[in-house]
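The values are calculated or read from the model by the stated rules, or taken from the named source; none is laboratory data. Every value quoted in this text rests on a predicted model; they were computed, and no experiment measured them. Virtual Cβ from ideal backbone geometry, glycine too; neighbours counted across all protein chains shown. Accessible surface areas use protein heavy atoms only, side chains included; no ligands, DNA or RNA. Shrake-Rupley method; radii C 1.70, N 1.55, O 1.52, S 1.80 Å.
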Amino acid sequence: MEKFIPVVVIKELAETDKILTALKNIGIHCAEITFRTACAAEAIAYAAQHYPDMEIGAGTVINAAQCEAALAAGATFIVSPGLSPAVAKICNERNIPYYPGCVTPTEIMAALELGITTVKFFPANVYGGLKALKALSAPFPQVKFIPTGGVDRSNIDEFLAFDKVAAIGGSFFVKEALEAMENT
């Protein structure tokens, strides 16, 4: 797993090349393309075909139908804002990593019961940030977290220094990549 997982919202398929090229230019070879737009599956398929050196996943996957569509398009990992047992089952059957949003002990226990040990912690800033992750790590030492939401350049190093953080998710990576591309 990459240490940085950019949350990518593609509103028009034509944006895909610009965004993925910008991410690669700053050394990021991963993208979580969200299922928030009408062209999400098409963008994932395009990215999987044209950027084979990148890990292309699907984000904001909230049900089995979206999961099936994302996997059919070529997604290599699935991310959800919450935990879906139906999505977990599909991913488990196909040996696809699934990172559900889990912020409470009950949600983390449900994920563990489904065999999931790496979870998205979203929105990290609303649910206590790094202090919450450290507190949750005590009863769940086997769990790794992907904090997303409220993580940015001002606090990223603190999160990355914590050994229970598997990766950082965020849309700010896309903004930085595009700004870097414009300034070259």
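In region 169-184, the residues that are among the hydroxyl-bearing types (Ser, Thr, Tyr) form Cβ pairs under 6 Å with partners that are crowded, with 18+ Cβ neighbours inside 10 Å, at six or more places apart or across chains, as follows: 171/7.
Looking across region 26-77, the residues that are aromatic (Phe, Trp, Tyr) and either assigned to a loop (DSSP other than H, G, I, E, B) or in contact with a strand residue (DSSP E or B) (Cβ under 7 Å, 6 or more places away or on another chain) (or both) come down to 35, 51, 77. Assess whether residue 12 counts as being among the charged types (D, E, K, R), closer than 19 Å to residue 144 by Cα and touching a residue at least 24 places away in the same chain (Cβ under 8 Å). Taking the combined requirement at face value, the residue does not satisfy it. Of the residues making up region 141-151, those that are open to solvent by less than 60 Å² (accessible area, probe 1.4 Å) and out of contact with any Ser or Thr (no Cβ under 8 Å at 6 or more places or on another chain) are 147, 148, 149, 150, 151. Summed over region 96-129, the residues that are among the small types (Gly, Ala, Ser) and surrounded by fewer than 19 Cβ atoms within 10 Å (Cβ to Cβ) give a count of 3. Considering the conditions (1) within 18 Å of residue 169 (Cβ to Cβ); (2) crowded, with 21+ Cβ neighbours inside 10 Å; (3) not small (Gly, Ala, Ser), residue 16 is excluded by exactly one of them, (1). Selection of region 61-87 for residues being crowded, with 19+ Cβ neighbours inside 10 Å and of a type outside the set (A, V, I, L, M) yields 66, 67, 77, 80, 84. The residue that is farthest from the chain's Cα centre (by Cα), counting only those in region 162-184 that are open to solvent by less than 50 Å² (accessible area, probe 1.4 Å) and more than 13 Å from residue 7 (Cα to Cα), is 180. Taking (1) part of a loop (DSSP other than H, G, I, E, B); (2) within 19 Å of the chain's Cα centre (by Cα) in turn, residue 159 satisfies each apart from (1).
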